Amino acid sequence: MRRPAWRLVLLCLVCGFCSLLYALTQRGGGSTEAQQPGAAAAVWRGALDGWQRCKNCSVSFWNPYWMLPTGVCGKDCFWEAAFRYHRPEQHELDPDPMHLAVVACGERLEETITMLKSALLFSIKPLKFHIFAEDQLHIDFSTILNSWGYSEKFKYTIYPISFPSENAADWRKLFKPCASQRLFLPLILKDVDSLLYVDTDILFLRPVDDIWSFLKEFNSTQIAAMAPEHEETRIGWYNRFARHPYYGKTGVNSGVMLMNMTRIRRKHFKNDMTTVRLHWGEMLMPLLKKYKLNITWGDQDLLNIVFSHNPESLYVFPCQWNYRPDHCIYGSNCKGADDGIFILHGNRGVYHDNKQPAFRAVYEALHNFSFGDDIIHSLLHPLELELQKTEHTYCGRIHKLFTKQLTKSIDDFSKRQSNQYCLLVKTKEILGIQGCAA
């Protein structure tokens, strides 16, 4: 071949290579990002996004490198979106799950499982469960959680109950067995940045994602979030009976506690034991020694003392995020719950006795529900019928608040399921497999 011909071939190869590099850079991530797990899924998400964006568009032009801007449609737009690398939104790229912790001792296995089921049922982002339990419960937890499947939606780790060795007995018997374990979570889960701690008697009636989003609302000084213990001072416990400092007018309830644990570990806390500010781990034992004879509700009282001296560090969310029998036992006194109850807290054992049948009805409905059942006919409708039988109680008279948010969560869940099905159908159509009508 003559020299000019070789030059022409070489020029073509260089131009082709440069074009390929340009196309790859415009597709949003280069070889490193494309090789990451989930890149293929991102392509198919891009396909669905493209189909939704372009299904009704009238603008059309050809772009061989799949570099169309977000608001512009190209020729054969769905295919184009499918085979370009579409950079997902930030929440899709976020590899970190929502971290949920619970402490289970004694006869709390079934109650904890029901709580975890409610968390998993409606949540959108993946969950990581941190389960602190007595040794005899570990196998049962593993057996039940493994039977659920849904490996793409949640992971879990089971930990033994552990306290500082020199004072383990004092911590273990404080209030209820193992309850004070929550105080040590920032010191045990050192690699976890943020965490939602809940008691075993919590039921989620809307996605965990929604309370998790409060983390973004923290200002620069806030490290944790809880709900008030009471809204009405006339029936408040702390303002009438407490023999120790407490947060605000009525104290806070620690049954639902959202924590930025990185900030907790870094903070130096003001206290009434010394003029020197102390780290979290340095403060706990001196605090217990000082107030041991004055606290009634154990670790919750200690948290109230801490935040009474550091009020700028607490974010307070409304009572519908921690709705307890106290909010309806003497008549409705949680104004935020007019939009529905978001998180139900069945403290004082009301899931297992007849004192508050409305609370028990919600618990039993979720306890009896199995993944794979029809959520409306197996969960919502039976619950509505049971709640109608509770109208002889104050809480039962407002039973519609117990299902208002649950109904919305079920509706949103059904829509997400439908969207996932549509994505599957569209994928089949791309591959030439006959799907159903749109």
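The values are calculated or read from the model by the stated rules, or taken from the named source; none is laboratory data. In this text, all values refer to a predicted model and were calculated from it rather than measured experimentally. Don't worry about glycine lacking a Cβ; one is built from the backbone with ideal geometry, like all the others, and counts go over all protein chains shown. The accessibility values were calculated without ligands, DNA or RNA, using every heavy atom of the protein model including side chains. Shrake-Rupley method; radii C 1.70, N 1.55, O 1.52, S 1.80 Å.
Each listed q (0.22 Å⁻¹) maps to a log10 I(q)/I(0) for region 97-237, found by the Debye formula over equal Cα scatterers with no solvent: -1.50. Net charge in the neighbourhood of Gly396 (other residues with Cβ under 12 Å of its Cβ; Lys, Arg +1, Asp, Glu -1) is +3.
Size estimate for region 235-290 follows the Kirkwood approach: the inverse of mean 1/r over distinct Cα pairs works out to 13.3 Å. Maximal additional length on extending the Phe17-Ile124 stretch stands at 34.4 nm, based on 0.36 nm per residue less the C-alpha distance.
Can you give the convex hull volume of the alpha carbon atoms of region 145-213 per residue, in Å³? Don't jump to the answer; show the numbers that get you there.
Working: hull volume 9.5 nm³, N = 69.
Given the Cα convex hull of region 145-213, per-residue volume reads 138 Å³.
What chymotrypsin sites (Phe, Trp or Tyr not before Pro) in region 155-256 are in a loop by DSSP, with at most 16 other Cβ atoms within 10 Å of the Cβ? For chymotrypsin sites (Phe, Trp or Tyr not before Pro) across region 155-256 that sit outside H, G, I, E and B with at most 16 neighbouring Cβ atoms in 10 Å, the list reads Phe175, Trp237. With all protein chains kept in place, the per residue accessible area of region 150-295 amounts to 47 square angstrom at a probe of 1.4 angstrom. Charge tally around Arg360: other residues with Cβ under 10 Å, Lys/Arg +1 each, Asp/Glu -1 each, net -2.
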